[in-house]
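Okay, structure first, notes after.
The values are calculated or read from the model by the stated rules, or taken from the named source; none is laboratory data. All of these numbers come straight from a predicted model, not from anything done at the bench. Because the Cβ atoms are built from the backbone with ideal geometry, glycine has one as well, and the counts that use them run over all protein chains shown.
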Amino acid sequence: MKEQQKKFYVTTPIYYVTARPHLGSLYSTLLADVAARWHALRGFKTFFLTGTDEHGQKVAQAAENAHKKPQEFVDSFIQDFKDMWSSYEIQYDYFIRTTDESHKKAVQFWLKKLIDSGEIYKSYYSGFYCTPCETYVTEKDEKNVSEPSKASPSEQSPSQEPLCISCARKTSFISEESYFFRLSAYQDRLLKFYEENPDFIVPSERLNEVVKFVQSGLKDLSISRTSLEWGIPFPDDPQHVTYVWADALNNYVTAIGYGNEARQEELALWWPADMQILGKDILRFHAVYWPAFLMASGLALPKKLLVHGWITVNDQKMSKSFGNVVDPQSLLDAYGAEAVRYYLIRHMAITQDSDFSTLDLEKRVNSDLAHDLGNLLNRVVTLSHKQNLFEVKSPATWCVKEIALRDSFWTMMELFIEDMNEGYWYRALSTLWRFIHEVNSYFHAAEPWKISDTARFEEVISATCHSLQGIAFLLSPVMPQKMKTLLSSLGVVMTPGHDVVDELSTNPWTKTFMLTKIPLLFEKYEIAPVVEEKKVEAAEPTITIEEWAKTVLAVGTIQECEEVPRSDKLLKLLVNFGSYGTRQILSGVKKSFSPADLIGRQAIFVLNLAPRKMMGLESNGMLLTVQDAQSDLVLLCPTVPVPDGTRLK
Ligand code: MSP
């Protein structure tokens, strides 16, 4: 098969529509955009799918809180998603909504097929459910895993509500008739598949987690709810609505024609997906349930799951419930789409969580984009024009230094291509930047501004232009518009439809460039000088992480508080620490707080200090405070309520 005929189908997770898109959703979508653009550059026929996950309890509850009907509520966000993607130059081919009639019909077709073949059966579900994660706790928490019960709901009784092990929020008990997918029957087939396809999950460490989970035993999966109306009704049994994940995962095939007789060719053309992009929080759904659903439907499995880490802010996952969400719109207004695209792709190491900071973004723009790249282009064009060189021809033969530079470009490309194909884009960019530094050093060392020989001058300019052209082509999936502008300054137009990358890898540098001066590609940001951080005094010894981990710091709610008789410092607190129990704690904070200030508040405590007696009373922990500028004590507390007993990490 010729390279041009190869296809590349890439998907993003579909986003819950409970709010406007945030930086986390932008990140998943941007990764898919880069993947699609990279493959288009390589001459592949590409299809890029994204969309929205609109059913389920989480969305229904958010709609209720907003006093809107679910359909009206979800409709109100769709344009925001589409506008955001378009502002960030995200070129998806199709935007699926799980409320689309075609999707709903196709899911019902799937359900019927699996009911008929016995893969789906009716029973009772009894257990805990986490609405924010739309997950049955039994699936995630080994301790709580139980077989789907055959007893009727009235015979079930909830034990103490466990917290969701993923988001640590309270779960709710449900006990209802439910349809089950025979997941347990796929355990061996899944394990065999993982073994035969070690590259199924990138990064590969994540495959190990999945294998361990499957090896520990799979239970059949509840895939319908009767206590919820907002979902796709089961065929011939409409009081059951489809579990939101069984509905949503199928979007990857319903969007390209699954369940529609007239679209079978399209389905055969695109499926299986070549790359499915997702965050680490939804790995199990994609690496276990989704492949099992596909096996049951007789469809091939996706070729690769690219699993990314989280964007964190001050090392905490960025999420609405933590109140630390970065708004992609304000980033767009402040920095423009391409600087943000570059920063997210370059700085976020796919494999890990990475902290986001605008200061870091500005530094990257200044050093990588404005200095290393923009400045190089500007210098070459300005200098050439100064010497009246507008049309730059390549020499008949290259000198040694230029041959070395070209060799370096070719060598760099090998590494670059490998990482780009695999989804390690941050690594590819770092390899490319090493070459950009090399071109800068070459240009600086050649000192073209001192060269009087016009042929030699033209050779240095030509070698630099060839390098810049290669760099711009390779960077175009990440910064499409800026690279187009850069190329226009060299008089180059990129023609799609063939393997540009392959052509570059063997390009002997014979191009003629027509140089035009353009405004600066990237402006630098003024960065306020950093105030020197106070160094840790030598007298303050460092501790190891193990030593640090010995201190149990946890959040608790102060239930009762009273003054300790005859003490002008002490207050006596009764604090609830969830699974750590309720404790009496004495604290010398009376000067700054009255009991009324503290009752009902959450705060942070040290829990494993040895018990201590003060004024005849035992204290079983220590309240943490800091002094403000007036030497008054300030309580340390989480910015949003968290479950009592949550430990600090
Ligand atoms: N609706 C499900 C996906 C169904 S796919 C069949 C869902 N939606 S989500 O809106 O909650 O999350 C979608 C994606 O955004 C996930 O890949 C998730 O990892 C990603 N992000 C959400 N917050 C994130 C960060 N803070 N950082 C990076 N990405 C994270 O799950």
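Taking the stretch 341-361 only, how many residues are in contact (Cβ under 8 Å) with a residue 60 or more places away in the chain and within 14 Å of the ligand (Cβ to nearest atom)?
Of the residues in that region, 8 qualify.
Of these, 31, 23, which one is surrounded by fewer than 21 Cβ atoms within 10 Å (Cβ to Cβ) and under 22 Å from the mean Cα position of the chain (by Cα)?
Being surrounded by fewer than 21 Cβ atoms within 10 Å (Cβ to Cβ) and under 22 Å from the mean Cα position of the chain (by Cα) holds for just one of 31, 23, which is 23.
Does residue 52 satisfy being within 23 Å of residue 281 (Cα to Cα), outside any helix (DSSP H, G or I) and outside the structural domain of residue 478 (by TED's automatic domain parsing)? Step through it out loud before you land on a result.
Working: within 23 Å of residue 281 (Cα to Cα): yes; outside any helix (DSSP H, G or I): yes; outside the structural domain of residue 478 (by TED's automatic domain parsing): yes.
Answer is yes for this residue.
Which one is modelled with the lowest pLDDT, of the residues in the stretch 318-340 that are within 14 Å of the ligand (Cβ to nearest atom) and charged (D, E, K, R)?
Across the stretch 318-340, the extreme among qualifying residues is 320.
Residue 58 - would you say it is in a helix (DSSP H, G or I), within 15 Å of the ligand (Cβ to nearest atom) and surrounded by fewer than 22 Cβ atoms within 10 Å (Cβ to Cβ)?
Considered against the rule, which asks whether it is in a helix (DSSP H, G or I), within 15 Å of the ligand (Cβ to nearest atom) and surrounded by fewer than 22 Cβ atoms within 10 Å (Cβ to Cβ), residue 58 comes out as yes.
Which residue pairs have Cβ atoms closer than 9 Å, lie 6 or more positions apart in sequence or on different chains, and pair a first residue in the stretch 234-251 that is within 23 Å of residue 137 (Cα to Cα) with a second residue that is near the ligand (Cβ under 10 Å from one of its atoms) and among the basic types (Lys, Arg)?
244/58
Is one or more of the residues making up the stretch 371-391 crowded, with 20+ Cβ neighbours inside 10 Å, within 30 Å of residue 520 (Cβ to Cβ) and not assigned by TED's automatic domain parsing to the domain that holds residue 465?
no
Return yes or no: is residue 15 away from the ligand (no atom under 14 Å from the Cβ) and in contact with a Ser or Thr (Cβ under 9 Å, 6 or more places away or on another chain)?
no
List the pairs whose first member sits in the stretch 623-649 and is in contact (Cβ under 8 Å) with a residue 60 or more places away in the chain, whose second member is in a loop (DSSP other than H, G, I, E, B) and of a type in the set (Phe, Trp, Tyr), and whose Cβ atoms are under 6 Å apart, counting only residues at least 6 apart or on separate chains?
If the second residue must be in a loop (DSSP other than H, G, I, E, B) and of a type in the set (Phe, Trp, Tyr), the pairs left are 644/577; 645/577.
For the subset of the stretch 485-497 comprising residues that are over 31 Å from the mean Cα position of the chain (by Cα) and more than 15 Å from residue 471 (Cβ to Cβ), which member is modelled with the lowest pLDDT?
Going through the qualifying residues, I end up with 495.
Quick one: residue 111 ticks every box in (1) under 27 Å from residue 293 (Cα atoms); (2) within 14 Å of the ligand (Cβ to nearest atom) bar one, so which box is it?
Unmet condition: (2).
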